[in-house]
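The values are calculated or read from the model by the stated rules, or taken from the named source; none is laboratory data. In this text the structure is predicted, and so the values were computed from the model without any measurement. Here the Cβ positions follow ideal geometry from the backbone for every residue, glycine too, while neighbour counts run over all protein chains shown. Each accessible area value is taken on the protein alone, full model and side chains, heavy atoms only, with ligands, DNA and RNA left out. Shrake-Rupley method; radii C 1.70, N 1.55, O 1.52, S 1.80 Å.
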Amino acid sequence: DSGVTQTPKHLITATGQRVTLRCSPRSGDLSVYWYQQSLDQGLQFLIQYYNGEERAKGNILERFSAQQFPDLHSELNLSSLELGDSALYFCASSVDGGNTIYFGEGSWLTVV
Amino acid sequence: ILNVEQSPQSLHVQEGDSTNFTCSFPSSNFYALHWYRWETAKSPEALFVMTLNGDEKKKGRISATLNTKEGYSYLYIKGSQPEDSATYLCAYNNNDMRFGAGTRLTVKP
């Protein structure tokens, strides 16, 4: 158990819908990262937050947004969902941006 | 090198063989290089964090080296066992944490 908690574990939704994935980082970690893993793809970096502020942005679509709240949990919002958004979404956390990051178990999103 | 590149993409070895794979990364503005082990149906788990040129890290039969000037790191597994079968990821840590596509290792009994 890494200490990073993600909910929900599985989610099935229809195209055009909007979903929110939630992540609670390890106790004491200030940085949160979001990654997407699609079929036969590696881990694609989406976005990173540090202590509530966006620190780095990767290949995140405009239909996707994220935020980190004062209690340090983070949410990834995915809207106008398309079939291609079906993927495993990982959240990870670290004490700071340069340290080992610890992954949650991921949220499986299936868009039908 | 603009991104993190790993080779080979996949590798099949026999139990007892020693093996190694490569991670290439941008050599400018280096901060840290991470290695992770990712088993099927699990989350990636950290193996090493390497920050200094010439760094060598070891954990059991697995070791890694780092060359920041030329932008590469090697991961070595000595005497591979079936339980070593996994995807090995490296991640380049600069302003963010970008992962390579990984090397998928299969160790046959």
In nm, what is the difference between 0.36 nm times the number of residues separating B:Gln14 and B:Tyr74 and their Cα-Cα distance?
19.6 nm
Could you work out how far the C-alpha centroid of the range A:82-107 sits from that of the range B:1-43, in angstrom?
18 Å
Mind grabbing the interface size between B and A? I mean buried accessible area, both sides, 1.4 Å probe, in Å² to the nearest hundred.
1400 Å²
Expressed as a whole-number percentage, the relative contact order of chain A with C-alpha contacts under 8 angstrom and at least six residues apart is 38 percent
Taking all protein chains in place and a 1.4 Å probe, what share, in percent, of the accessible surface of the protein assembly as shown do carbon and sulfur account for?
45 percent
Taking the convex hull of the alpha-carbon atoms of the protein assembly as shown and averaging its shadow over every direction gives an area in square nanometres of 12.0 nm²
Just the accessible area per residue of chain A, please: how many Å² with a 1.4 Å probe?
47 Å²
Taking the simple approach of a point 7 Å from Cα along Cα-to-Cβ for both B:Ser27 and A:Asp40, what is their distance in nm?
3.4 nm
Stretched out fully, how many nm does the piece from B:Glu5 to B:Leu52 gain, at 0.36 nm a residue minus the Cα gap?
15.0 nm
Residue list for the range A:80-112, given a label point 7 angstrom along the Cα-to-Cβ vector of A:Lys57 and an amide N cut-off under 12 Å:
none
